[in-house]
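Asker: Provided herewith is a single structure, encoded as C-alpha cells, for subsequent inquiry.
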Amino acid sequence: MLSRALSAYVIGIDAHLVEVEVDITSKGLPHFSMVGLPDAAVKESKDRIKAALKNIGFNFPLKQITVNLAPADLKKEGSSLDLPIAIGIIAAEEAITTNSLGDYILAGELSLDGKIKPIRGALPIALEAKRLGLKGVILPKENAAEAAVVNGIDTFGIESLPEVIEFLGGISGKEPFVIDINTAVTESAIYEDDFSDVKGQEHAKRAMEVAAAGSHNMLMIGPPGSGKTMLSKRLPTILPPMTFEEALETTKIHSVAGFLKNGQSLLATRPFRSPHHTISDVALIGGGQTPRPGEVSLSHHGILFLDELPEFKRNVLEVLRQPLENGIVTVSRAVASVTYPAQFVLVAAMNPCPCGYFGDSRHQCTCTPRMISRYRSRVSGPLLDRIDIHVDVPAVAYKELSNDYVGERSEVIRQRVTEAREKQLKRFKDDKIFANGQMKTRHMKKHCKLTEDAHGLLDTAMQRLGLSARAYSRILKVSRTIADLEGSEDIHSHHVSEAIQYRTLDRGQV
C-alpha cells in the first residue's frame with residue numbers, strides 16, 4: 001500500500017515542501033529503507049518511529065517499508081520528519097482512513113513513548129503552508145503560538161501521536177490554535193532597560209540618539225567602567241518600534257536558530273547581541289557544515305555590540321564588511337549556498353589604550369606611544385570606514401553618580417527618533433534605503449544641502465584637522481541626521497559642528 005504525507009524542511013530561513021511517500025509491501029524480507037538524501041538525524045528516525053508506534057499500541061509491520069523524501073536531490077536534515085513518516089506508515093497500513101493528509105504540513109520529533117517534541121523553524125513552515133494554499137499545519141504544542149501568527153491557515157498544536165491519528169481520522173474535533181497578533185506584539189515589545197537609568201554621559205546619550213535616528217554605526221572609546229556597555233544595552237529601547245513585518249522576519253531567524261522560548265509567538269523587541277571577543281568568524285557570520293545563522297543575522301533589525309573591539313581576531317572583524325555594506329550575508333558550503341538578512345546597527349566599544357587609562361585624569365596610563373599605536377591598529381581602516389560616529393565616553397564623576405537627577409526616559413527619546421526616521425523613509429522612498437546611514441554618494445549630493453556657514457565650517461575643519469574624504473562623507477551623513485532630529489531641511493553650521501565632534505579617531509584624539 002502506498003501513502004503520501006506532506007512535511008517541510010528549512011534551508012536558510014525559508015521552508016521547502018517535502019513529500020513523504022511510504023510504500024509497504026509483504027513481498028521479500030522485512031526491511032526499512034529510507035531514500036531522498038536523509039542525514040544522520042533523519043536516518044535515526046527509523047528507531048524512534050518503531051519504538052513510538054509500538055508504545056502507543058500499533059503493531060509495527062514486519063514488511064518491506066520504503067520511505068521516499070521528495071525532492072530526492074536535496075539533503076534533508078533534522079528530526080521534524082519523524083511525525084509525517086510515522087503517519088505515512090500508519091496510513092499505508094490502512095490503520096486510519098483519511099483524505100486530509102494532503103491538506104496539512106506535518107512536522108514534529110517523536111519521543112519513544114509517542115509524545116511530540118518541539119522543533120526549529122515552525123514559523124517558516126507555517127509561511128510555506130500558506131504560500132502553497134494548504135489548510136494548515138500540524139505541529140508540536142510548544143510551536144503552535146509561533147506558527148499561529150500566520151493568518152489564513154489553521155494551526156494545530158499536538159502533544160502526542162495518538163492525538164494526530166484521532167484528528168486526521170475525524171475522531172476528535174480539535175480546534176485550531178488562535179492568537180491575537182496585536183496582543184502578542186504589545187506583550188513582547190517590552191524592554192527591561194531604560195535610558196533614565198544612566199547617570200551622566202549626556203554627550204554619549206546624545207550620540208546614541210543620533211545613531212538610532214540615522215541607523216549609524218558607532219564606536220565608543222573610554223576607560224573601563226565608564227558605562228559603554230550600559231549605554232549600548234539601552235540603544236534598542238530608543239530605536240523605532242518594530243513593524244509586524246520586521247518582527248516576523250526577525251522571529252523567523254531566531255526560530256531557525258532555535259532561540260525562541262517554548263510558547264513564544266513573536267519577537268517584537270529589537271535584538272541585542274553581544275558575542276564574546278573569542279568568537280570565530282563562522283559563529284559571527286554564520287555557517288557550519290549545514291549553514292546556520294550567525295550573530296550578524298541574529299542581530300537583524302537590532303544591535304550587534306562588540307565590546308573590546310581590538311581584542312577580536314582580525315579575520316573575524318574583516319568578515320563584517322559584506323553585511324555592513326549590503327545588509328545581507330551569503331554563506332556558501334558544499335551542501336548549499338544560503339543568504340541570510342543582516343541589517344543591523346554596529347555598536348563597538350574599546351579602551352583608549354591597552355591599560356585603558358590614556359587621557360584619564362584619575363589614573364596614570366602605563367602605555368608607551370608605540371603600544372597605543374599598535375593597539376589601535378588592530379582595528380582595520382576598512383572597518384573604521386564603515387563606522388560613522390566615534391564618541392568619547394569618559395569616566396563618570398562621583399558627583400554625577402550620587403545625585404538624584406533622572407534623565408530622559410527611553411520612550412521620550414524614541415519619539416524623536418521615530419519622527420526623524422519617518423522623514424528619512426519619505427525622503428528615500430524611491431531609493432531602496434530607509435535611513436541616512438545607508439546613503440551613497442549620489443544620495444548625499446541630492447539630500448545633503450549645506451548652508452553657506454556650514455560650508456565654511458566644514459572647509460575649515462577639513463584643513464585644520466586634516467580630515468580625510470572618508471571623514472567628510474561621514475560628517476555629511478551624521479549632519480543630515482542631526483538636522484532631521486531638529487526638523488530642519490537644510491544642514492546648518494551647528495549641525496556640522498556637532499557631527500565633527502563625533503569623529504574622535506579622525507581628529508587624532510582618543
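The values are calculated or read from the model by the stated rules, or taken from the named source; none is laboratory data. In this text, all values refer to a predicted model and were calculated from it rather than measured experimentally. Cβ: placed from backbone, ideal geometry, glycine included. Neighbour counts: every protein chain shown. These accessible areas exclude ligands, DNA and RNA; they are computed on the full protein's heavy atoms, side chains included. Shrake-Rupley method; radii C 1.70, N 1.55, O 1.52, S 1.80 Å.
Asker: Taking the condition surrounded by 19 or more Cβ atoms within 10 Å (Cβ to Cβ), touching a helix residue (DSSP H, G or I) at 6+ places or on another chain (Cβ under 6 Å) and of a type in the set (A, V, I, L, M, F, W, C), does Ile49 pass? Let's see the steps before the verdict.
Answerer: Values: surrounded by 19 or more Cβ atoms within 10 Å (Cβ to Cβ): yes; touching a helix residue (DSSP H, G or I) at 6+ places or on another chain (Cβ under 6 Å): yes; of a type in the set (A, V, I, L, M, F, W, C): yes.
The answer is yes for Ile49.
Asker: What pairs come up if the first residue lies in the stretch 96-116 and is of a type in the set (Asp, Glu), the second is part of a loop (DSSP other than H, G, I, E, B) and open to solvent by 40 Å² or more (accessible area, probe 1.4 Å), and their beta carbons are under 6 Å apart, counting only those six or more places apart or on different chains?
Answerer: Pairs found: Asp103/Lys135.
Asker: How about the stretch 26-42: which of its residues are over 11 Å from Leu69 (Cβ atoms) and either touching a helix residue (DSSP H, G or I) at 6+ places or on another chain (Cβ under 8 Å) or open to solvent by 40 Å² or more (accessible area, probe 1.4 Å) (or both)?
Answerer: Ser26, Lys27, Gly28, Leu29, Pro30, His31, Phe32, Ala40
Asker: Quick one: how many residues across the stretch 379-408 are more than 20 Å from Ser226 (Cα to Cα) and either at pLDDT below 90 or in contact with a Ser or Thr (Cβ under 7 Å, 6 or more places away or on another chain) (or both)?
Answerer: Filtering the stretch 379-408 for residues more than 20 Å from Ser226 (Cα to Cα) gives 379-388.
Remaining after also requiring either at pLDDT below 90 or in contact with a Ser or Thr (Cβ under 7 Å, 6 or more places away or on another chain) (or both): 379-386.
Result for the stretch 379-408: 8.
Asker: I need every pair where a residue in the stretch 78-91 that is open to solvent by 10 Å² or more (accessible area, probe 1.4 Å) has its Cβ under 8 Å from the Cβ of a residue that is part of a helix (DSSP H, G or I) and not aliphatic (A, V, I, L, M), sequence separation at least 6 or different chains.
Answerer: Ser79/Ser45; Ser79/Arg48
Asker: Suppose we keep only residues that are in contact with a strand residue (DSSP E or B) (Cβ under 9 Å, 6 or more places away or on another chain) and open to solvent by 20 Å² or more (accessible area, probe 1.4 Å) within the stretch 95-110. Which one would you say is modelled with the lowest pLDDT?
Answerer: Start the filter on the stretch 95-110 by keeping residues that are in contact with a strand residue (DSSP E or B) (Cβ under 9 Å, 6 or more places away or on another chain), which leaves 101-110.
In the following step, the residues that additionally are open to solvent by 20 Å² or more (accessible area, probe 1.4 Å) were identified as 102-104, 109.
On the way: Gly102: 88, Asp103: 92, Tyr104: 95, Glu109: 95.
The qualifying residue modelled with the lowest pLDDT is Gly102.
Asker: Could you name every one of the helices (runs of 4 or more DSSP H) located completely within the stretch 364-476 that has at least 1 residues being in contact (Cβ under 8 Å) with a residue 60 or more places away in the chain and either over 21 Å from Gly487 (Cβ atoms) or not aliphatic (A, V, I, L, M) (or both)? So that I can check it myself, show each step before the final result.
Answerer: Working: elements: 369-376, 381-384, 398-402, 410-427, 441-447, 452-464.
Once the helices (runs of 4 or more DSSP H) in the stretch 364-476 are filtered for at least 1 residues that are in contact (Cβ under 8 Å) with a residue 60 or more places away in the chain and either over 21 Å from Gly487 (Cβ atoms) or not aliphatic (A, V, I, L, M) (or both), what remains is 369-376, 381-384, 398-402, 410-427.
Asker: For the stretch 481-504, name all the residues that are open to solvent by less than 10 Å² (accessible area, probe 1.4 Å), not in a helix (DSSP H, G or I) and not hydroxyl-bearing (Ser, Thr, Tyr). Steps first, please.
Answerer: Restricting attention to the stretch 481-504, the residues satisfying the condition of being open to solvent by less than 10 Å² (accessible area, probe 1.4 Å) are 481-484, 491, 495-496, 499, 502-504.
Among the residues that remain, those that are also not in a helix (DSSP H, G or I) are: 491, 502-504.
Hits for the stretch 481-504 are Ile491, Arg503.
Asker: Every residue in the stretch 206-229 that is open to solvent by 30 Å² or more (accessible area, probe 1.4 Å) and either of a type in the set (D, E, K, R) or over 21 Å from the mean Cα position of the chain (by Cα) (or both), please.
Answerer: Matches in the stretch 206-229: Arg206, Pro224, Gly225.
Asker: Mind telling me which of the residues Ile285, Ile303 ends up being surrounded by 21 or more Cβ atoms within 10 Å (Cβ to Cβ) and within 30 Å of Ile179 (Cα to Cα)? Before you say what the answer is, go through the steps one by one.
Answerer: On the way: Ile285 fails: within 30 Å of Ile179 (Cα to Cα).
Matching residue, one of Ile285, Ile303: Ile303.
Asker: Being of a type outside the set (S, T, N, Q) and open to solvent by 30 Å² or more (accessible area, probe 1.4 Å) narrows it down to one of Pro369, Pro293, so name that one. So that I can check it myself, show each step before the final result.
Answerer: Details: Pro293 fails: open to solvent by 30 Å² or more (accessible area, probe 1.4 Å).
None of the others qualify; the one that does is Pro369.
Asker: Taking the condition modelled with pLDDT of 90 or more and either among the hydroxyl-bearing types (Ser, Thr, Tyr) or closer than 25 Å to Glu422 by Cα (or both), does Leu485 pass? Let's see the steps before the verdict.
Answerer: Details: modelled with pLDDT of 90 or more: yes; either among the hydroxyl-bearing types (Ser, Thr, Tyr) or closer than 25 Å to Glu422 by Cα (or both): yes.
Yes: the conditions hold for Leu485.
Asker: Can you name every residue in the stretch 383-399 that is in contact with a helix residue (DSSP H, G or I) (Cβ under 6 Å, 6 or more places away or on another chain) and open to solvent by 10 Å² or more (accessible area, probe 1.4 Å)?
Answerer: Of the residues in the stretch 383-399, the ones in contact with a helix residue (DSSP H, G or I) (Cβ under 6 Å, 6 or more places away or on another chain) are 383, 385-386, 388-389, 391, 393.
Selection gives Asp385, Arg386.
Asker: Being of a type in the set (Ser, Thr, Tyr) and open to solvent by less than 60 Å² (accessible area, probe 1.4 Å) is the filter here, so list the residues in the stretch 184-205 that pass it.
Answerer: Of the stretch 184-205, the ones of a type in the set (Ser, Thr, Tyr) are 186, 188, 191, 196.
Correct list: Ser188, Ser196.
Asker: When Arg376 is evaluated against the numbered criteria (1) within 16 Å of Thr504 (Cα to Cα); (2) open to solvent by less than 30 Å² (accessible area, probe 1.4 Å), which criterion, by number, is the only one it fails?
Answerer: (2) is the only condition that Arg376 fails.
Asker: Among the residues of the stretch 440-471, what is the count of those that are open to solvent by 80 Å² or more (accessible area, probe 1.4 Å) and touching a Ser or Thr at 6+ places or on another chain (Cβ under 8 Å)?
Answerer: 2
Asker: Here's a follow-up. What residue, among those in the stretch 306-338 that are touching an Asp or Glu at 6+ places or on another chain (Cβ under 8 Å) and of a type in the set (A, V, I, L, M), is most open to solvent (accessible area, probe 1.4 Å)?
Answerer: For the stretch 306-338, the residue satisfying everything is Val319.
Asker: Now, a different point. Filter the stretch 52-66 down to the residues that are hydrophobic (A, V, I, L, M, F, W, C) and under 13 Å from Ser33 (Cα atoms), then identify the one that is surrounded by the fewest Cβ atoms within 10 Å (Cβ to Cβ). Break it down stepwise before answering.
Answerer: Restricting attention to the stretch 52-66, the residues satisfying the condition of being hydrophobic (A, V, I, L, M, F, W, C) are 52-53, 56, 58, 60, 62, 65.
Checking the rest, the ones that are also under 13 Å from Ser33 (Cα atoms) come to 62, 65.
Values: Leu62: 11, Ile65: 23.
Residue satisfying both the conditions and the ranking: Leu62.
Asker: When you check Pro293 against the structure, is it touching a helix residue (DSSP H, G or I) at 6+ places or on another chain (Cβ under 6 Å) and at negative phi, yes or no? It would help to see each step written out before you state the result.
Answerer: On the way: touching a helix residue (DSSP H, G or I) at 6+ places or on another chain (Cβ under 6 Å): yes; at negative phi: yes.
Yes; evaluated as a whole, the condition is true for this residue.
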